[in-house]
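Presented below is the structure to which this report refers.
The values are calculated or read from the model by the stated rules, or taken from the named source; none is laboratory data. Only a predicted model underlies this, so the values are computations on that prediction, with no experimental measurement involved. Quick reminder, even Gly has a Cβ in these numbers, built from the backbone with ideal geometry, and neighbours come from all protein chains shown. What goes into the accessible areas is simple: the full protein's heavy atoms, side chains included, and nothing from ligands, DNA or RNA. Shrake-Rupley method; radii C 1.70, N 1.55, O 1.52, S 1.80 Å.
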Amino acid sequence: MHPILARPARLASYLAGWLVVGALIAGAVSRRGLSVSEAVVFVLPPLLVYAFICLSAWYVCRAVPLRTSGALRVLAACSLAAAVAAGLWFGLALAWVALLESMPGRDGLAEAYGQQTPFLLSVAVLLFLLALAVHYLVLAFEETREADRQRLALQVHARDAELRALRAQLNPHFLYNCLNSIGALTTVDPSGARRMCLMLGEFLRTTLHAGALARIALADELALADRFLSIEQVRFGSRLEIERRIDEAALSARVPPLFLQPLVENAVIHGIASLLDGGIILLDVRRAGGRLVIAIENACDPELLTPMRHGTGLTNVRDRLHALFGSAATMTARAHQGRFRVELNLPLSVDD
Amino acid sequence: MTETPAPLRIAIVDDEALARAVAREYLETMPGVEVVAECANGFEAVKVVAEHRPDLLLLDVQMPKLDGFEVLDLVGRDVAVVFVTAYDQYALRAFEVHAVDYLLKPFSAERLAEALDRARSRLGQSAPPPVRALSVAAHPEQRYASRILVRDGSRVHVLPASRIAYVQAQDDYITISCDGKDYLKEQTLTEAEAALDPAKFVRIHRSFVLNLDCLSRVELDARENRVAVLADGRRLPVSRSGYQRLSSLL
C-alpha cells in the first residue's frame, strides 16, 4: 500500500506542501507577464493533479530499490519516469489552457503559456525528481523501522526460548514421583528416605542457583545431571545404569546453565522408562580443538521413537542453543539399533 | 447380623517398585481388601487378569511397552480400573474409558479408600459398559493407532498397523489379518476403523476394512461384483459405496 495515500494525515501534509510549491510557481509566472489571479488559475489546478501523478514515484522507488540496483539503472529509471511524468503534466496543462481559452475574456492565454513552456517543463521534471527523493527517503525509513521490529521480535523470541528452557528444568512430574518414592521409603527404608530428601534438596538448590547464572562450568552442569540421575536411580532401581566418558580437558568449559537437563530427562523418560529391562545412559563429553562436543545416548524402544525425536525437551534445547550461539552450535539426534543419541557441538569458551 | 462381603481382590500394576510398595502398604491396613498380585508391566497385568481374575486394577499410566490405557483396552471388560499416575493430563480420557477413579501421585490412604468405595459400588452394578478402542489414548501426539493389541488368554499380540492386511467383522468380534495369521478381538468393525489411519485403511464393504498397501487390484467376478485382490492373492468383496471410497483414495 502507498505510504502517503494510505494515511489521510500524510496525504493532507503532502498536498499542503504542493500548495506552497504552487504559490511559488504562480508568483514566478506572474512576474513573467500574467496577473496574480490569472497565474493562480493557470497554475494551481494542473499542479494539484500533478501532485497525484508524482505519487507514482513510489512505484518507481519500489521497482528500482537503491540498495540493490546499480547507479546507472537508478539514474535511467528516474530520468525516464520524470520525463514521462513531466510530459503528462504538460499535456494536462495544455488541455487546461485550452479550456480556459474557450471561456470569454481569456484571450492570449495560450500565447502567454507558450512562453512559459520551458520554465514549466523544467519545474515539472525537478518536482518529480524531488518526489522521487522523498519517496526513497520514506522507503528507507520504513525499511529501518521494519528491521528494528524484526530485531526486537528476534530478541523476544530468544528470551522466550531461554525462559521456556529454564522453566522446563523443574518438571513437576519429576517432583511428584520423587515425593511418592520418598513416601514409600519412609516405612521400608527410613534412612533411604532421608538420603533421597537430601539428594532432592541438593538438586533443587543447585538447579535454582544455576538457573540465575549466565554461564556455569561444564563440571557443575555434569554434577547436576549426576544428581538428577542418582535420584532417578532410586525410582528405577537396576533398570537405570549410567556410563560416563568424560574428557577432563572439557570440564572447565563455560556452558549455559541447565542446558543438558532436558536431554538427560528425555533419556530417562522416553528411553529407559519405556523399556521393560531398562538400559544404559551414556554421557560422552570431549573437547575437539576449539569445539565442545557433548553426546547423550540412551537405550530406547525402536517402536517409540516419535516422542523421543519430537519431544518439547529437544525443541527447547535446540531453540536455546540457536538463541545463544546462532549457527555456531549444532544439535543432531538420531536413532540407531536401539540406541538414541543426541549430540551437541558448540564453540568452546573457557574462563581466563 | 450383617453378612461380611467378599474381599475386594486387587492387583497393583506399576513399573516402579517403590510406587507398588506404597499402594501395598496402604491396602494392607484396609479391611475387606486382598492384594492378589503385583505387576511391573502391562503384559504381566494382562496375564494376572486372565489367571487371577481380580476385581480391580490399580494401574499406572506410563509403563514400558504397554501403557495403562492399552492394558485397559485389553482387559477393561473383565476388571474395574483405578488409574494411578503423577500426570494429570490423562484424567479426562481416563473417565471417557470408564475408569473408576484417577489418583494423582503422591496420594493418601484416605483418597485410595475413597477410590475403593467407588469401585465397590461400580462392581455392585451390572458389567461396565464396553470400552472404546483406545490404544491411542495415552499418545496424544499420534491421532491414529500405530498398532492394535489383541489378547489371547494371558498373552498379548502386538499387531503393527502397517502389517495388518484387513479387518473383518464377525458378529460382535473382528478378525484381524496380520502377516498371514488371523487374530480375534472383541470389538466392532466401526471402532477398529475409527482407530486406524483413514488414509491407509478404507471400508470396502460392510464387513471389511482393507489396508491400501496390501491391495493389488480390483476386478469384476462372473456376476459383475467387484472384488479386491490382495498382494497375496486373497479376494475380498467390494460393495458399491466401498468402491466409491476406494476410488476416491486411489
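Summary of values
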item: Failed item in (1) closer than 24 Å to A:Thr206 by Cβ; (2) touching a residue at least 24 places away in the same chain (Cβ under 8 Å), with A:Gly290 passing the rest; result: (1)
item: Of all residues making up region B:147-181, the number that are within 14 Å of chain A (Cβ to nearest Cβ) and among the charged types (D, E, K, R); result: 2
item: Strands (runs of 3 or more DSSP E) wholly inside region B:153-245 that include at least 3 residues being touching a Gly at 6+ places or on another chain (Cβ under 8 Å); result: B:201-205
item: Selection within region B:73-101 - surrounded by 22 or more Cβ atoms within 10 Å (Cβ to Cβ) and polar (S, T, N, Q); result: B:Thr85
item: Within region A:50-65, considering residues that are touching a helix residue (DSSP H, G or I) at 6+ places or on another chain (Cβ under 6 Å) and of a type in the set (A, V, I, L, M), the one farthest from A:Thr117 (Cα to Cα); result: A:Val64
item: Flag for A:Arg227 being more than 14 Å from chain B (Cβ to nearest Cβ), over 27 Å from A:Glu303 (Cβ atoms) and touching a Ser or Thr at 6+ places or on another chain (Cβ under 9 Å); result: yes
item: Close pairs from region A:169-196: first more than 9 Å from chain B (Cβ to nearest Cβ) and in contact (Cβ under 8 Å) with a residue 40 or more places away in the chain, partner open to solvent by less than 50 Å² (accessible area, probe 1.4 Å) and of a type in the set (Ser, Thr, Tyr), Cβ under 6 Å, at least 6 apart; result: A:Gln169/A:Thr207
item: Yes/no for A:Ser122 being more than 30 Å from A:Leu324 (Cα to Cα) and among the hydroxyl-bearing types (Ser, Thr, Tyr); result: yes
item: Some residue of region B:14-33 being open to solvent by 40 Å² or more (accessible area, probe 1.4 Å), modelled with pLDDT of 95 or more, within 20 Å of B:Leu123 (Cβ to Cβ) and more than 14 Å from every other protein chain (Cβ to nearest Cβ); result: no
item: Pick from region A:231-258, criterion buried (at least 22 other Cβ atoms within 10 Å of the Cβ) and assigned to a loop (DSSP other than H, G, I, E, B), ranking: nearest to the other protein chains (Cβ to nearest Cβ); result: A:Leu258
item: Single residue of region A:191-230 satisfying the filter (over 17 Å from A:Asp284 (Cα atoms) and not in a helix (DSSP H, G or I)) that is least open to solvent (accessible area, probe 1.4 Å); result: A:Ile216
item: Residue in region A:95-112 that is of a type outside the set (Phe, Trp, Tyr), at pLDDT 85 or above and open to solvent by 70 Å² or more (accessible area, probe 1.4 Å) present; result: no
